[in-house]
Each structure stands twice: as C-alpha cells, then as structure tokens.
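First comes the structure, then the notes that go with it.
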Amino acid sequence: CGGRARVAQQVFVSRGSEMSCRPTEFRKAGAGGTRFLSLSLGSIGVVFGDIGTSPLYTFNSIFTEVGKVPDAEDVTCAFSLIFWTLTWVTCIKYLGLVMRVSHHKEGGSLALMQVVLEALHPRSKLSSPGGRSSSPGGSGDDLSDESDSANSEAEFVDEEGRSGHSTAQRTVIFLGMLSCSMLIGDGVITPPNSVLGALNTPVLTLSVQWVVVIAVVLLIITFALQRLGSKVIGQVAGPFMVVWFLTMGGLGLYRIVEKPELARMVAGGFNPYCVYKWFFTGSFRGWLAFKSLAGVVLCVTGAEALYADMGHFGAGPITAAWFFLIYPCLILQYVGQAMVIVTHPEAVNGNPFYYTAPPSLLWPVSILAVVAAIMASQALISGCFSILTQAHALEFIPRILVLHTNPDEKGQVYIPEANWMLMVACILVTVAFQTSNNLAGAYGIAVTGAFILTTLMLWWVLRNVWKLNLPIALLIILPMLIVDIVFWSANMMKLFSSGWVPIAMAVFLFLVMNTHNWGRRQEHALYEHQAEEEARSLAFETGGAGLSPVLTEHGRMNIICTAPGLLSMLGSGMLSRADTAGIFLTAREGRVPPSVRMLACAMGSLPKTIVLLHVKFANTPFVPEGDRYSFEALDVDLGLYSITMSFGYAEPLTATRFDVHATLGRIAKDKVKLHPALASLVPAATSRRAFTQEGNLSGTLMEEVEGPAIEGEDDPEGEPQHAQVRVTYVATQKTFAPDSARHSLSKLRVRLYSHIVSSGRPSLHFFGLMQQEALEVSRIIFL
C-alpha cells in the first residue's frame, strides 16, 4: 500500500495576497477624531518605546566607540550626527517613504515584500492551490485553516495558468525573509539592552548580579503582560510614555533655559556642516569618526519597528505622534545632554541622561526611566508578533496560534509560542552579557542590516509600483542606501565581540523560514503531481482502457487526493463500509486528506458516513451565523459529504468559545432531515468519550456505540429514529523522509523540514478536539 512519491514539478506559492486585506470599516486611515487620538496615544505606548529610550545610551555609546574625552566642538558635532540621523532615517525614509507602502494597511518587511511581488507579476491572478480560500498553513493535510486566516495562501498564476517565479521574485522573497529574520534577531537584543541601560543609574549602587536579577524579573513581567494585547498595553502605557517624553523634553528645556548661551552653541549642530566637520576636520576625524557611527545609529534603532507595528495602529496615528510629541522631545533631550557633556565631560562614562535632571529629581527620574525601558521592549515585541503573523500566512513558519486581541483592529495580535520563546532568549542574553555596555556590541548590526534590505525592496516599489523613472528612483534610493551601508559597516566591526548574537539568531530564523517555505512548495508540487495522476486514471476508466482508478498495476491502492478519486474508490465496491462516521480534517476545500487512503489500506474498510471538514477564516472579526458554513452532499448513496466552516479572525480558538465540534453538530441538525446519515453528528447523540492514539483503531472506527436514539428534528413523537454510531475525528500526522534520488544536502534539508513541521501546534489541539473521540494517522511522505 506504499510506494514512494517523487516531486515532478515545483510550484511557487506566494501566500497571503489577501494577507492583510482588511474591510473598509476596520481600516485605520479613515478613523474619526476620537478614534485617531486613541490610536495615537496607543502608538506612543507601544510603538515608540525603543526609539524613545535611546537617549539612555546613545551619547555614551558614541564616545565609548572613539575612546576619548570630547571637547565642546566634538559634542556639538556628535549632536549634529544624532539630529540628522533621526531626521534622515525616521522622518524622511520611514515616515516619509516606507510607511506609504502597505499591504492592505499592514506594514513590515513581509508586507513590503508582498507589494513588490504583486507589482513584479502585474498580469497575475491570485488563486489558492487546492481550493484553499483562507489563511496560513501549517504543514499537514489534517489542518483546516489556521488562526490568522484572514490571510490566504496564494499562488501566482499567469493568464495561461502557468505558475512560477522569476529571478526578481526569488530575490525579493530572499530579501523579505532575511529582513524579517534581522528584525526578530534585533528583538532579542532590544529588551535586555533597554532594561539594563535604565538600571545604570547613579541612585542605584547594586552589584552586577543584583542588577541582572532585577532585569530578569522585569523582563518576565513584560512578557507576561503581552497576553493582554497591544490595545490594553497601549491604553496603560500610552499615558505613561507621554509623561516620559514630556519629562525628557522638559529636562532638556530646563538645561536650555538654565544656560541659554551654551544652548546656542549646541544648536549649531542643526547645521549639517557639523557632520562634515566630524568626519573631516574634527579631533575624531577619519577612522574614529567612522567607528562612532556604531553608537550614532542607536538613536534610530526603533525606526524599523515603526513600520513593523503599522498594522497595530496605522500610519496616520504613528506619524502624528512622532511629529507632534516624540521628535521634539527627543531633540530637546539630546540638546540637554550635549550641554551637560560640554560642562561635565566625565558624564560620557556614565549615563548623560541622568545628568540632565536636577539632583532632587534623580530618584523619580530613575524610576520613570526603568519603567520606560520596560515599555520600550513593547515596540519590537509587538513588531515581532506582526511579522510572525505575516510569516505564518506566507507559509514561512510552521503552524502557530495567532490570537487577535482586539476585534476592531485586525493587526493587533498575540502569539503565545513567540512570546515565551522571545522571553527565554532575552533572559539568556541578559544573564550572559549582564550590562548594557557589554551588549552595546550586539546592538545595531541586525537592525542596520534590516535598513539595507528595506531600502533594496523600496527600489522595486519606486520602479514597479509607483512607476518612477530611473533617474528619480536612483536619486531617492542611492543616498538612503549609502547611509544604510555606512551605518551597517561601522557596526560590523563589532561582529566578533558580541555582534554575532543577533546575526546568529537571524541566520537561524532565516534557515527555518526558507526551509519551511521550500518544503511547503514541495508538498504543493507533490499534490499537483498526484492529482494529475489521479485524473489520468479516472480518464482511462471513463475511456474504457481497463486501468483501474483504484488499484495500480501491481495491485496496490492508488493515491487518492481529490473528491472524484474518492468517489471512484467508494463506488468500486472494493471496500467494506462500517456503520460509523468519520470526520476527516482537510487543509484544502475539496482535497481528500492522506488519512482516508491510509485507513482504507490498513483496514480494508471506511466509515459509512465520511465528512471532509475544512475550516476557513474571514476578513471580518465575526461571521454571521447565516454565513457560518457551506454544505455539499458529494454523493448521498456513498455517504460522502463536504463541510466548510467559516469563522471571523477575532473568534477565539478555544474549546469553549470556538467549538468546532458543537458547530458541526448544529450543521448536522440543520441537515439531518434531508440527510439522515448525519444524525450521529448531532451533539446530543455524539459520544464525547476521549480517545487517544493508544486506543484500538479497529474498535474506534467499526464498533457501534450503544446510546440514545435521535428523534426527528421537528416531531419528537413519532419520526424515524437513527441508532447512534461512533463518530471519530481523523487527522493526519506527517513525517517527511528524503527520496533516495536526492543528494546529501537536499536530504538534510528534507529532514530539517520534517523536524520544523513536527514542532508546529498539533491540529487536534489547535481546534479543541482533544476531548472528542479522535484519531491521528501517521504517514511518511517521501520528498
């Protein structure tokens, strides 16, 4: 009953063209005034934490890189570098250009990748292989659609139906995956660095060991609060961060008012000529000036997170919050710090931020800074959730649970697996490096790499989406690319000290995403090949060629993967039909999961009633009950039915509030009069005894269960009654093995893919079916 299946063709799948497609009523761009202010306040608490706490370590890092005490002119030039970096990278590049590119109002590197891919294939239509109409994919035919599934898997198909991808598309996918990996790698460094930097205060005289303990406790609290969602966190953190930014701006203004003459001197840094002086005529000119850029870039390490978090709050509220509050307060604080360093050069060896505060306010400012550092972690954590949601929809990662924490904002999500893995990684980094100075070398490499990759993808947007001519596109991109490369090069000098940490994390994540996406494409190609073989067999039967559509020439059962093939097998009379009901979970509407054939081979029998169950998610938070399901009786005489359930993206995936089993019972109750075979699916008559894999397969499928009869739906007095039969949910557990024809490296890739798939969330657990009578059929697939 075996046989190896080899991939005969490759199909490129770019999942999620509907990926972030939000209905108009959920788009943030057209929000009313009150709603706009609320989103702006939330963005202040969630989005700007990272870039908003950069004054805690930027100046210190700049002069740590050069290793000398600066004079007044050096400080002014350093301030000029900070000001123009903030203006160029954040105001012009990200808020001015990058955040104008969204994939249905979602941001981040993967959303940018989707926009470019669609532009590179302008004649394409988007289709779902195998009929799958909703989102992400785990790796398994047992999986109906998963949690973020407003997003759909999509394959680029040209007008003649050919699928594939060009070199440009492959390059864009590579850039998108790598940029996503870089940002997540930076997300492991940001929370520890922010918390450890805030604890570096003159009012705390704790040992390093106690600082690490406090930092770990604060990180645990931060990640434990993530389940509340970015809306709740934003409502709490927003007002606090407003106080933080006003405090920073106020401290800077206090120093300006205190010494206006010194402030005028530092204000000379607004002249871009100071940047030239820093590199070519100042005391740190040349090599030291170049090295200092590794510290300068820390003032914009949260810029990429602004784009990644765009789906949480929208581009408009984020932009308004930046220009009306964040940007002015940051500039005032950096001016105040520059003034302090001019008068107290030793401040660069500590934390210049605390020197801007009067001695009487050190304690409250220190407490404020520690709490702000905790909030700072939120920007990249939320950004990681958004990016992983998109990666999930694009089949870059295995099956995960994506919870939508706000039904009004589809982009506000929480991923339990990612949250706890990030927490563990951050704790390990904190314990390993212990101080923010030790972490300084690890900070900046990944995010500057993401800057470069974003700029490269923006090139395709300018040329293919906005249709700018070549000279104008080059005039925009080249300055950005040069600045990005210079910052990245300066940071790469720290690679062998501690900079390898985010790079190693990014390489690992890229390997996982690339391998998973490759494996899924191999699976899709294998399915297409099997479907073609099955169609040829059915055509031979119809044409009277004498070839059985059920058996091979060697007497083995053919692969059955489509409804016509299954109907042919059931109609052949080769299999006995037990008086039971089997609910077979399938990832594609109309696809027959491998578990059907596996059971037919092993038992020589199938249930008398077979339901192919597919679950998909809509682009709305809740689905009206009238649109809850579609039902098709594929063949009443053969007992084959197809049911597709629809749920909103905000309907929680729990056994109590999102119950697939109960929904199936209600569907059966609606249809039982016309289709009596579905009577056993009505909840009142369904056996709810739990079943594990240790149970007896034969008994589960074939044994009739004693129980109360089901009466007619409308007439409980005298309608025909149906004996209760056992109902079993059947899922497929896939294990992948390399085909012997593959070379060694390719075999290793298949084994890695199998391991990645097995780490995903089991489908029975995912859909809350563990307490039902359920069976998981294991299948080895040769790729």
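The values are calculated or read from the model by the stated rules, or taken from the named source; none is laboratory data. Since we're looking at a predicted model, the values are computed, not measured. Cβ coordinates were reconstructed from backbone atoms using ideal geometry, including for glycine residues, and neighbour counts include every protein chain displayed. Protein only, heavy atoms only, side chains kept; ligands, DNA and RNA dropped before computing areas. Shrake-Rupley method; radii C 1.70, N 1.55, O 1.52, S 1.80 Å.
I559 passes every criterion in (1) open to solvent by 10 Å² or more (accessible area, probe 1.4 Å); (2) modelled with pLDDT of 85 or more apart from (2).
State whether one or more residues within the range 717-728 are at pLDDT below 85, over 30 Å from G665 (Cβ atoms) and more than 33 Å from the chain's Cα centre (by Cα). Talk me through it step by step, then tell me what you get.
In the first step, residues of the range 717-728 are kept if they are at pLDDT below 85; the result is 717-726.
Narrowing further to those that are over 30 Å from G665 (Cβ atoms): none.
Checking the range 717-728: not a single residue is at pLDDT below 85, over 30 Å from G665 (Cβ atoms) and more than 33 Å from the chain's Cα centre (by Cα).
Within the option set C329, C299, being under 20 Å from S436 (Cα atoms), assigned to a helix (DSSP H, G or I) and open to solvent by less than 20 Å² (accessible area, probe 1.4 Å) holds for one residue only, C299.
Has the range 166-184 got any residue that is among the charged types (D, E, K, R) and touching a residue at least 40 places away in the same chain (Cβ under 8 Å)? Even if it seems obvious, please write down each step before you answer.
Step one: filter the range 166-184 for residues among the charged types (D, E, K, R), giving 170.
Now narrow it down to the ones that are touching a residue at least 40 places away in the same chain (Cβ under 8 Å): none.
Checked the range 166-184: no residue is among the charged types (D, E, K, R) and touching a residue at least 40 places away in the same chain (Cβ under 8 Å).
In the range 359-368, the condition of being among the polar types (S, T, N, Q) and touching a strand residue (DSSP E or B) at 6+ places or on another chain (Cβ under 8 Å) is met by no residue.
So, of the residues in the range 80-121 that are free of Cβ contacts under 8 Å to residues at least 60 places away in the same chain and either small (G, A, S) or not in a loop (DSSP other than H, G, I, E, B) (or both), which turns out to be surrounded by the fewest Cβ atoms within 10 Å (Cβ to Cβ)?
Residues of the range 80-121 free of Cβ contacts under 8 Å to residues at least 60 places away in the same chain: 87, 92, 96, 121.
Next cut, either small (G, A, S) or not in a loop (DSSP other than H, G, I, E, B) (or both) only: 87, 92, 96.
Working: T87: 16, I92: 14, G96: 12.
Among those residues, the one meeting the criterion is G96.
Annotation: T343 fulfils all but one of (1) open to solvent by 40 Å² or more (accessible area, probe 1.4 Å); (2) under 28 Å from A111 (Cα atoms); (3) β-branched (V, I, T); the unmet one is (2). For M645, the test of being touching a Cys at 6+ places or on another chain (Cβ under 9 Å), buried (at least 16 other Cβ atoms within 10 Å of the Cβ) and either part of a strand (DSSP E or B) or modelled with pLDDT of 80 or more (or both) is failed. Of the helices (runs of 4 or more DSSP H) contained entirely in the range 401-499, those carrying at least 1 residues that are farther than 30 Å from V208 by Cα and open to solvent by less than 30 Å² (accessible area, probe 1.4 Å) fall at 416-433, 445-460, 470-492.
May I ask you to say which residue of L368, L361, L380 is closer than 21 Å to M241 by Cα, open to solvent by less than 10 Å² (accessible area, probe 1.4 Å) and assigned to a helix (DSSP H, G or I)?
Working: L368 fails: open to solvent by less than 10 Å² (accessible area, probe 1.4 Å); L361 fails: open to solvent by less than 10 Å² (accessible area, probe 1.4 Å).
The match here is L380.
Checking the structure you have, find out if any residue of the range 264-277 is outside any helix (DSSP H, G or I), within 24 Å of M182 (Cα to Cα) and out of contact with any strand residue (DSSP E or B) (no Cβ under 6 Å at 6 or more places or on another chain). No, the range 264-277 contains no residue that is outside any helix (DSSP H, G or I), within 24 Å of M182 (Cα to Cα) and out of contact with any strand residue (DSSP E or B) (no Cβ under 6 Å at 6 or more places or on another chain).
Only one of the numbered conditions (1) buried (at least 21 other Cβ atoms within 10 Å of the Cβ); (2) under 41 Å from the mean Cα position of the chain (by Cα); (3) within 20 Å of E73 (Cβ to Cβ) is violated by F290, and that is (1).
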